[in-house]
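Asks: Got a structure here, written out as structure tokens. Questions coming.
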Amino acid sequence: MADHAHTEGHEEHTGHGGHHVFDKKTLLGTFYILVGLTFLTVILALWERGFADIFGLELEFPALHVGPLSVPIAFAIAGTKVYWVATRFMGLKYEKTGTNTLVFLGSTSFLLVFFAFTWLDFAFRDTFEELSAVPTDVLEEQALEAQTVQTEIEDEFNAAPLVADPDPELFGTPAADVAPAVPETTDAE
């Protein structure tokens, strides 16, 4: 009778499903995939720099220029790792109702939208005019500094004439007083 009463009280716990137990092959496979993706992230980061200092060994190689795609590539690799952890260790692969999967995918979608707008902000900052983000008081201060520097060096560019009163005997008469020489033409031509 005590056994029957004990099992009766725990019937509500049998309906929520059990925990999935992983075999060694699945755990090792997931581990190798996560470590491989981590190594891929590190290799791509070093390859993009074109230089690596590994344990004192300096390596130089041709750089891989991916430009603004480096962040999306890193997020894709990180997203793949998140997928493996969420589906295997968080049990989303073995869930029957799909509620947790829906919440996970919705959260991930909002996170991707957030990262996309952040990436767009950083990716297109150079396309705008450089002075567009500078406050006007800074621009006015720079203009005043430029004017003071201009007045300070203005005397260096206004050179005094080397000869104040030219000597007419030495230099002759000014060119305006002398009539230009006109070659004589002959009628024979």
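Asks: I'd like to compare 79-92, 26-39: which one has the highest average count of other Cβ atoms within 10 Å, and what's the full order after that?
Replies: Listed from highest to lowest mean packing, they are 79-92, 26-39.
Asks: Quick one: how many Å² of Asp23 are accessible to a 1.4 Å probe, rounded to 10?
Replies: Counting only protein heavy atoms, the figure is 80 Å².
Asks: Order of 159-165, 105-111, 70-76 by packing, highest average Cβ count within 10 Å first?
Replies: 70-76, 105-111, 159-165
Asks: Also: Please give the residues of the range 25-45, grouped as numeric ranges, whose backbone N is less than 20 Å from a label point set 7 Å along the Cα-to-Cβ vector of Ala76.
Replies: From the range 25-45, the list is 33-45.
Asks: Here's something else I'd like to know. Can you spot the lysines whose alpha carbon is less than 19 Å from Lys25's alpha carbon? Ignore those fewer than 8 places along the same chain.
Replies: Lys81, Lys93
The values are calculated or read from the model by the stated rules, or taken from the named source; none is laboratory data. Since we're looking at a predicted model, the values are computed, not measured. Methodologically, a virtual Cβ is constructed for each residue, glycine included, from the backbone with ideal geometry; neighbour enumeration extends over all protein chains shown. Each accessible area value is taken on the protein alone, full model and side chains, heavy atoms only, with ligands, DNA and RNA left out. Shrake-Rupley method; radii C 1.70, N 1.55, O 1.52, S 1.80 Å.
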